[in-house]
1. Which residues, taken from segment 128-150, are touching a residue at least 24 places away in the same chain (Cβ under 8 Å) and either of a type in the set (Val, Ile, Thr) or in contact with a helix residue (DSSP H, G or I) (Cβ under 7 Å, 6 or more places away or on another chain) (or both)?
2. If we scan segment 22-44, do we find a residue that is out of contact with any His (no Cβ under 9 Å at 6 or more places or on another chain), at pLDDT 95 or above, among the hydrophobic types (A, V, I, L, M, F, W, C) and assigned to a loop (DSSP other than H, G, I, E, B)?
3. Does segment 165-184 include one or more residues that are within 20 Å of Arg326 (Cβ to Cβ) and part of a loop (DSSP other than H, G, I, E, B)?
4. Would you call Gly200 under 16 Å from Asn170 (Cβ atoms) and either in a strand (DSSP E or B) or not assigned by TED's automatic domain parsing to the domain that holds Asn299 (or both)?
5. Please verify whether Ser256 is surrounded by fewer than 22 Cβ atoms within 10 Å (Cβ to Cβ) and in contact (Cβ under 8 Å) with a residue 24 or more places away in the chain, treating the condition exactly as stated.
6. Please verify whether segment 183-190 includes one or more residues that are at pLDDT 95 or above, in contact with a Gly (Cβ under 6 Å, 6 or more places away or on another chain) and under 16 Å from Leu93 (Cα atoms).
7. Only one residue in Val291, Val350 is buried (at least 24 other Cβ atoms within 10 Å of the Cβ) and in a loop (DSSP other than H, G, I, E, B). Which one?
8. In segment 259-288, what count of residues is obtained for those that are within 19 Å of Ile354 (Cα to Cα) and surrounded by fewer than 17 Cβ atoms within 10 Å (Cβ to Cβ)?
Amino acid sequence: MTDQIKPQPGIMEIELYVGGASKIDGVGEVVKLSSNENPYGAGEAAREAYARAAYDLHRYPSIDHTPLREAIGAQHGLDPARIICGVGSDEILSLVAQAYAGPGDEVIYTEHGFSMYPIFANMVGATPIKVAERERVVDVDAILDACTDRTRLVYLANPANPTGTMIGNNAVAKLADGLPDQCILVLDGAYAEFVEGYDGGAKLVDKRNNVLMTRTFSKIYGLGGLRIGWGYAQQDMIDVLNRLRQPFNLSNTQLSVAEAAMKDQAHVTRTREANTRLRAWLAEALAEHGVPSDTSCANFILARFADAEEAKACDAYLKTQGLIVRQTAGYGLAHCLRITVGDESACRQVAHAIGRFKEGAA
C-alpha cells in the first residue's frame with residue numbers, strides 16, 4: 001500500500017471479530033457450546049421451506065421483502081412499513097452507523113458489550129467510547145454521564161452478550177429519554193425471544209423517534225447459518241436505512257425460510273421453555289461445583305472462575321473432553337467462560353466435566 005492509497009479513517013483500528021470455535025484438533029466429535037446456537041435446530045416448517053426454495057434458485061429475490069415484513073408485523077403487532085430486513089441483525093446495526101455516525105462523532109457501547117459495536121464505529125471513522133458496567137450489568141447513569149454533543153449512537157444489547165444480564169423497561173426508557181437530541185439508542189434484541197413476554201423495545205420505538213430495535217433469526221429460530229435479521233424504528237429512520245441497504249441483500253431462500261420460521265411460533269415456545277429449564281439446571285449444577293454465574297436471561301450462562309488462569313485451564317480441560325465453550329477475555333472477562341445452554345445431554349456433559357475439573361484442581 002502506497003502513501004497515496006490509504007483506507008478510510010478508523011478502518012485500521014478494527015480488531016477482527018473472532019467467532020466461536022467449532023472444532024478441536026484431533027477430536028472427531030465435539031459438543032459445540034460456543035456460539036449460542038439453538039441445539040434443536042430450525043423448526044420443521046423452516047426446513048420444509050428451505051427444501052422448496054431449491055426450485056427458485058434461478059430467480060432474483062424481491063427487493064422490498066414484503067411477505068417477510070408482513071409476517072413479522074403480524075406476529076409482533078408492528079407496522080410492516082417500519083420494518084427493515086437484513087443479513088443478520090448485524091447488517092442493520094452496521095447500517096445505523098453508516099447513516100448516522102462518522103469522523104468526529106462518538107459511539108457509546110458498554111464495558112462487556114458485543115464486540116462488533118466498536119467495529120461498527122471504526123468502520124465509519126467514529127470514535128468508540130466504552131462505558132463501565134456495574135457488576136456485569138449495564139449502568140444507565142454511567143452511559144448518560146458519558147454522552148457529549150458528539151455522541152451519535154448508543155449500542156445496547158438487552159439481554160446482554162456475553163453476560164446474559166438484562167435491565168428493565170423503565171431503565172431503558174430512562175436512557176432513551178436522557179440521551180442528547182442528536183443521539184439514537186440502538187437496542188440489540190438478539191436474545192429477546194428467550195424472555196417470555198418481552199417486546200424487545202417495540203413500545204419504546206412507537207413512542208419515541210430516537211430508538212431503533214433489532215432482532216435476529218439466528219438464535220431462537222435456529223437459522224444462524226442463513227443470516228437473517230430485522231429492525232424496527234420510526235418511518236423516517238427506516239427510509240434512511242433503506243437508502244443504504246443493498247436491494248438484493250436477502251435471497252429467496254432466506255426470505256421464504258424466515259417467513260416460515262416466524263409463523264412457526266410453536267417451535268419458538270418449545271425452544272424457550274427447554275432453554276429456561278436447562279439454563280436454571282446448568283447454573284445450579286455449576287454453582288454446586290463452586291462456579292457461580294449471574295442470572296441469565298439468554299440462552300447461555302457466563303460461568304465465573306477464581307481468576308483468568310483457572311478459566312483458561314478449565315477451557316483447556318473441556319476441550320480434552322470434546323466440549324467447546326467460549327473464552328471471554330476479549331470482553332474484559334478473562335476469568336469467565338460463556339457456555340451455551342445446549343440440549344439436556346450437552347448440559348449434563350459440560351456440568352460433569354467442570355465438576356471433574358474442579359475436583360482435580362482442588
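The values are calculated or read from the model by the stated rules, or taken from the named source; none is laboratory data. Keep in mind that what you see is a predicted model, and the values were worked out from it rather than measured. Cβ: placed from backbone, ideal geometry, glycine included. Neighbour counts: every protein chain shown.
1. Val137, Val138, Val140, Ile143, Leu144, Thr148
2. yes
3. Applying the first criterion (within 20 Å of Arg326 (Cβ to Cβ)) to segment 165-184 yields 165-166.
Subsequent filtering for residues that are part of a loop (DSSP other than H, G, I, E, B) retains 165-166.
Yes - at least one qualifying residue is present in segment 165-184.
4. Numbers: under 16 Å from Asn170 (Cβ atoms): yes; either in a strand (DSSP E or B) or not assigned by TED's automatic domain parsing to the domain that holds Asn299 (or both): yes.
Criteria met by Gly200.
5. Working: surrounded by fewer than 22 Cβ atoms within 10 Å (Cβ to Cβ): yes; in contact (Cβ under 8 Å) with a residue 24 or more places away in the chain: yes.
It is true that Ser256 is surrounded by fewer than 22 Cβ atoms within 10 Å (Cβ to Cβ) and in contact (Cβ under 8 Å) with a residue 24 or more places away in the chain.
6. Start the filter on segment 183-190 by keeping residues that are at pLDDT 95 or above, which leaves 183-190.
If we keep only those that are in contact with a Gly (Cβ under 6 Å, 6 or more places away or on another chain) too, we end up with 187, 189.
From what's left, under 16 Å from Leu93 (Cα atoms): 187, 189.
Scanning segment 183-190 turns up at least one residue that is at pLDDT 95 or above, in contact with a Gly (Cβ under 6 Å, 6 or more places away or on another chain) and under 16 Å from Leu93 (Cα atoms).
7. Numbers: Val350 fails: in a loop (DSSP other than H, G, I, E, B).
The match here is Val291.
8. Of the residues in segment 259-288, the ones within 19 Å of Ile354 (Cα to Cα) are 278-288.
Add one more test, that the residue is surrounded by fewer than 17 Cβ atoms within 10 Å (Cβ to Cβ), and what stays is 280-281, 284, 287-288.
Total meeting the criteria: 5.
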